[in-house]
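Novice: One structure, as structure tokens, below. Some questions next.
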Amino acid sequence: MRVYPLFIPHQGCPQRCVYCRQEAVAGMSTAPAPAAVPGMLDAMLPVRGDGEVAFFGGSFSALSAPLQEAYLRAVAPFLAAGRVAGIRVSTRPDACGPEAVERLRRHGVTTVELGCQSFSARVLTQSGRGHGPRDACGAASRLRAAGLRLGLQLMPGLPGADTREARRSLACALALRPDFLRLYPTVVLRHTLLEKWWRQGRYSPMPLLDAVALCAELLWRSRQAGVPVIRLGLQSSPELHGPDGIVAGPYHPAFGHLVKSYLWRRALDRLLTQGGCQPLAVHPSDVADVRGHRNGNLLYLQRRFGPVTIQVQERLERDGLRVGARLLNLWELARFPVIGRRGCPSFSVESPLEAGSGEHAKG
């Protein structure tokens, strides 16, 4: 689905999380006024389209009700004209009470992305999120009940987190049956509290290779659950590369490519270790990921197994692999051990706790 973004950096957020500087991520410091939105959309949208106008960068449902409605009314004529099919907003889990969800549904919102970040109460507290796992579970239930599409955002590598927390948070997220996920490994942005902690030695970001390996596993587990991951890592921008952008952490402008290449290396290493024959054939669109960043996979495999030949076959499906007469699949070859969802919070829509108390889960 095509998304047409409008950024409202940090608008509606009740506090600033330790890692947050949305102005750098969004590439702008101020939000457009509702009166400016029609002109922006008129220049942005096709004559007919089935995409979504998206309000990103802030906590949309935490804005004042009049401001929310002003933004949504500004999009309404474009919905009526068929130039766009829906509205997407990003927001906080604790800003999705029954009244807020009904307002979004009534004004044409079709998709809500929740910034869950983690399902560990301890990690959320250390990160200054101001909500707990129960808020995310309650919000997801209410959004589902309202018929809205649900996206969840996770941030592996937050303060107090580790690989085990990342796996558990993913399992909890998948248990909420989202339509899609975004995975953003935590990076250190300038002028944040996290930068201060990093410079004081109180916080150590994940090394890039560790983040790639972890996100490859999380991507594989999401795929097994039938949930697409629509974004891996922050979108590259001049602001992130500038002097006030990223100062530390596992950022790479082609992070998604690194993750997919890691899975192919894992798959081919396993195949050739077991005596898989050559040549290997893949779909043309997979060649870059198979060879790896700067041919890293190919060089690694050649050091281990000698000459490796990779051919291209357009008739193969994406993520498919032909080895001699056998047809194999990346996702089966790169498999990870099965883990359960033990300890994931789960609550019903009718729960009074979920319906608006906002109490943090004890963990």
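The values are calculated or read from the model by the stated rules, or taken from the named source; none is laboratory data. In this text the structure is predicted, and so the values were computed from the model without any measurement. For neighbour counting, all protein chains shown are included, and Cβ atoms are generated from backbone atoms with ideal geometry for every residue, glycine included. In case anyone asks, the SASA skips ligands and DNA or RNA and just uses the protein heavy atoms, side chains included. Shrake-Rupley method; radii C 1.70, N 1.55, O 1.52, S 1.80 Å.
Novice: Within segment 42-90, which residues are loosely packed, with under 13 Cβ neighbours inside 10 Å, outside any helix (DSSP H, G or I) and not small (Gly, Ala, Ser)?
Specialist: Result: 46, 47, 48, 50.
Novice: Considering only segment 290-327, state which residues are assigned to a loop (DSSP other than H, G, I, E, B), among the charged types (D, E, K, R) and either touching a residue at least 24 places away in the same chain (Cβ under 8 Å) or in contact with a strand residue (DSSP E or B) (Cβ under 8 Å, 6 or more places away or on another chain) (or both).
Specialist: Across segment 290-327, the qualifying residues are 314, 317, 318, 319.
Novice: Another question, if that's okay. Which condition breaks for residue 247 when tested against (1) open to solvent by 20 Å² or more (accessible area, probe 1.4 Å); (2) in a helix (DSSP H, G or I); (3) in contact with a helix residue (DSSP H, G or I) (Cβ under 8 Å, 6 or more places away or on another chain)?
Specialist: Among (1) open to solvent by 20 Å² or more (accessible area, probe 1.4 Å); (2) in a helix (DSSP H, G or I); (3) in contact with a helix residue (DSSP H, G or I) (Cβ under 8 Å, 6 or more places away or on another chain), the lone unmet condition for residue 247 is (2).
Novice: Follow-up question, since we're still on this one. Return a yes/no flag: does segment 269-278 have any residue that is under 30 Å from residue 57 (Cα atoms), among the basic types (Lys, Arg) and surrounded by fewer than 20 Cβ atoms within 10 Å (Cβ to Cβ).
Specialist: No; the residues of segment 269-278 include none that is under 30 Å from residue 57 (Cα atoms), among the basic types (Lys, Arg) and surrounded by fewer than 20 Cβ atoms within 10 Å (Cβ to Cβ).
Novice: Which one is farthest from residue 134 (Cα to Cα), of the residues in segment 295-344 that are aliphatic (A, V, I, L, M), open to solvent by less than 70 Å² (accessible area, probe 1.4 Å) and over 30 Å from the mean Cα position of the chain (by Cα)?
Specialist: This residue is 308.
Novice: Among the numbered criteria (1) farther than 27 Å from residue 300 by Cα; (2) part of a loop (DSSP other than H, G, I, E, B), which single criterion is violated by residue 240?
Specialist: (2)
Novice: I'd like to check something: does segment 219-242 contain any residue that is free of Cβ contacts under 8 Å to residues at least 40 places away in the same chain and among the acidic types (Asp, Glu)?
Specialist: There is no residue in segment 219-242 that is free of Cβ contacts under 8 Å to residues at least 40 places away in the same chain and among the acidic types (Asp, Glu).
Novice: Another question, then. Evaluate the following for residue 338: is it in contact with a strand residue (DSSP E or B) (Cβ under 9 Å, 6 or more places away or on another chain) and among the hydrophobic types (A, V, I, L, M, F, W, C)?
Specialist: No.
Novice: Which one of these is closer than 22 Å to residue 178 by Cβ and either open to solvent by 20 Å² or more (accessible area, probe 1.4 Å) or in a helix (DSSP H, G or I) (or both): 105, 122? Reasoning before the result, please.
Specialist: Working: 122 fails: closer than 22 Å to residue 178 by Cβ.
Answer to the check: 105.
Novice: Here's another thing I want to ask about it. Counting only residues that are open to solvent by less than 30 Å² (accessible area, probe 1.4 Å) and more than 14 Å from the chain's Cα centre (by Cα), which one in segment 147-160 is nearest to residue 232 (Cα to Cα)?
Specialist: If we take residues in segment 147-160 being open to solvent by less than 30 Å² (accessible area, probe 1.4 Å) and more than 14 Å from the chain's Cα centre (by Cα), then 158 is nearest to residue 232 (Cα to Cα).
Novice: Quick check on this structure: which one of 28, 1 is more than 19 Å from residue 240 (Cβ to Cβ) and at pLDDT below 95?
Specialist: Just one listed residue meets the conditions, 1.
Novice: Please determine, by comparing only the residues of segment 195-222 that are in contact with a strand residue (DSSP E or B) (Cβ under 8 Å, 6 or more places away or on another chain) and more than 22 Å from residue 93 (Cα to Cα), which one is most open to solvent (accessible area, probe 1.4 Å).
Specialist: Checking each candidate, the answer is 198.
Novice: Quick check, is residue 234 crowded, with 18+ Cβ neighbours inside 10 Å and within 12 Å of the chain's Cα centre (by Cα)?
Specialist: Criteria met by residue 234.
Novice: Continuing with the same structure: So, in segment 162-181, how many residues would count as being buried (at least 19 other Cβ atoms within 10 Å of the Cβ) and within 12 Å of the chain's Cα centre (by Cα)?
Specialist: 4
Novice: Let me ask something else about it. Only one of these is under 20 Å from residue 163 (Cβ atoms), hydrophobic (A, V, I, L, M, F, W, C), open to solvent by 20 Å² or more (accessible area, probe 1.4 Å) and within 15 Å of the chain's Cα centre (by Cα): 229, 259. Name it. Step through it out loud before you land on a result.
Specialist: Working: 259 fails: open to solvent by 20 Å² or more (accessible area, probe 1.4 Å).
Answer to the selection: 229.
Novice: For the structure I just gave you, tell me whether residue 11 is touching a residue at least 60 places away in the same chain (Cβ under 8 Å), under 28 Å from residue 136 (Cα atoms) and open to solvent by 40 Å² or more (accessible area, probe 1.4 Å). Steps first, answer last, please.
Specialist: On the way: touching a residue at least 60 places away in the same chain (Cβ under 8 Å): no; under 28 Å from residue 136 (Cα atoms): yes; open to solvent by 40 Å² or more (accessible area, probe 1.4 Å): yes.
Spelling it out, it is not the case that residue 11 is touching a residue at least 60 places away in the same chain (Cβ under 8 Å), under 28 Å from residue 136 (Cα atoms) and open to solvent by 40 Å² or more (accessible area, probe 1.4 Å).
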